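Written out below as structure tokens is the structure these notes cover.
The values are calculated or read from the model by the stated rules, or taken from the named source; none is laboratory data. Predicted, not measured: the structure shown is a model, and the values here were computed from it. Using ideal geometry, Cβ is built from the backbone for each residue, glycine included, and neighbour counts are taken over all protein chains shown.
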Amino acid sequence: MVDAIGQEITGQAVMFRSSDTEILTVDDSGLLTSLGYEGSSLITAASGDITAEVEATVEAPPVPPLPPSTILVDPASLVLDTHRSSWLSFTVTDTSGQPVPGAPVVFQSSDSAIVYINPDLYGQPVALVTGLGVGTATVTLTSGELSTQLPITVGQFPTSVGITPSYLALPAGSSQQLEAALLDLTREEMEGPHSVT
């Protein structure tokens, strides 16, 4: 307790009380004790006809985060052409199925000559997968103790047909042999038996 000029006055009794003792109690020394319920209580300090009040609030303790449980990958598998790329998205979820913000994910390709992966582009939960050579590879995603695998098949698929010669001017009554070949994405002629009609 202080006087009109702010000096502490000793020897004067000050009583404390709480407006809601189911939320907060206060003892004679002014020690507040929360009883575990959320809410507010008005704490009053009184000495004779002089009073002061302060509102005290009890908040629920923060809920501890649930542990990571699963790494989800979309799509679950990929088929790529050589020199083609595709996006995949990934999410680490907790035991309730909710995303875990900021969970680190590490990528590993089982054969970097077949599949190259560029993860965590622009800080987003996406990665760019590129097929480099014909074959199969597995990309493993790891986050702490969790891991999941993404099977990827890389093939060489025809994207166009090349005709030789590319220009013809035939004399009347003559003939000309044409050659046709399947070309891949880089316009390289594909090897092996292929039917062109």
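Structure above, values below:
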| item | result |
| --- | --- |
| Every residue from region 125-140 that is in a strand (DSSP E or B) and of a type outside the set (Ser, Thr, Tyr) | VAL126, ALA127, LEU128, VAL129, GLY131, GLY135, ALA137, VAL139 |
| Subset of region 57-71 [touching a residue at least 60 places away in the same chain (Cβ under 8 Å) and of a type outside the set (A, V, I, L, M, F, W, C)] | PRO68, SER69, THR70 |
| Residue pairs meeting the criteria (Cβ under 8 Å; at least 6 apart or on separate chains; first part of a strand (DSSP E or B), in region 27-40; second surrounded by 13 or more Cβ atoms within 10 Å (Cβ to Cβ) and of a type outside the set (A, V, I, L, M, F, W, C)) | LEU32/SER18; LEU32/THR25; THR33/THR25; GLY39/ASP20; SER40/ASP20 |
| Some residue of region 104-111 being of a type in the set (S, T, N, Q), surrounded by 14 or more Cβ atoms within 10 Å (Cβ to Cβ) and within 11 Å of the chain's Cα centre (by Cα) | no |
| Count - residues of region 34-67 that are closer than 17 Å to ASP20 by Cα and β-branched (Val, Ile, Thr) | 5 |
| Residue within region 60-82 that is surrounded by 16 or more Cβ atoms within 10 Å (Cβ to Cβ), modelled with pLDDT under 90, outside the structural domain of GLU189 (by TED's automatic domain parsing) and in a loop (DSSP other than H, G, I, E, B) present | yes |
| Selection from region 127-148 of residues that are under 21 Å from SER69 (Cβ atoms) and under 17 Å from the mean Cα position of the chain (by Cα) | ALA127, THR140, LEU141, THR142, SER143, GLY144, GLU145, LEU146, SER147, THR148 |
| Those residues of region 141-166 which are out of contact with any Leu (no Cβ under 8 Å at 6 or more places or on another chain) and part of a strand (DSSP E or B), in sequence order | THR142, SER143, LEU146 |
| Candidate set: region 149-162, residues that are of a type outside the set (Phe, Trp, Tyr) and touching a residue at least 40 places away in the same chain (Cβ under 8 Å); chosen: the one nearest to SER69 (Cα to Cα) | LEU150 |
| Long-range neighbours under 8 Å by Cβ, at least six apart or interchain, first residue in the same structural domain as GLU189 (by TED's automatic domain parsing) within region 163-176, second among the aliphatic types (A, V, I, L, M) and surrounded by 10 or more Cβ atoms within 10 Å (Cβ to Cβ) | ILE163/ALA180; THR164/ALA180; THR164/ALA181 |
| Considering residues of region 1-26 that are outside any loop (DSSP other than H, G, I, E, B) and surrounded by 10 or more Cβ atoms within 10 Å (Cβ to Cβ) only, the residue modelled with the lowest pLDDT | MET15 |
| Which numbered condition LEU121 misses (of (1) under 30 Å from ARG187 (Cα atoms); (2) at pLDDT below 90; (3) surrounded by 13 or more Cβ atoms within 10 Å (Cβ to Cβ)) | (3) |
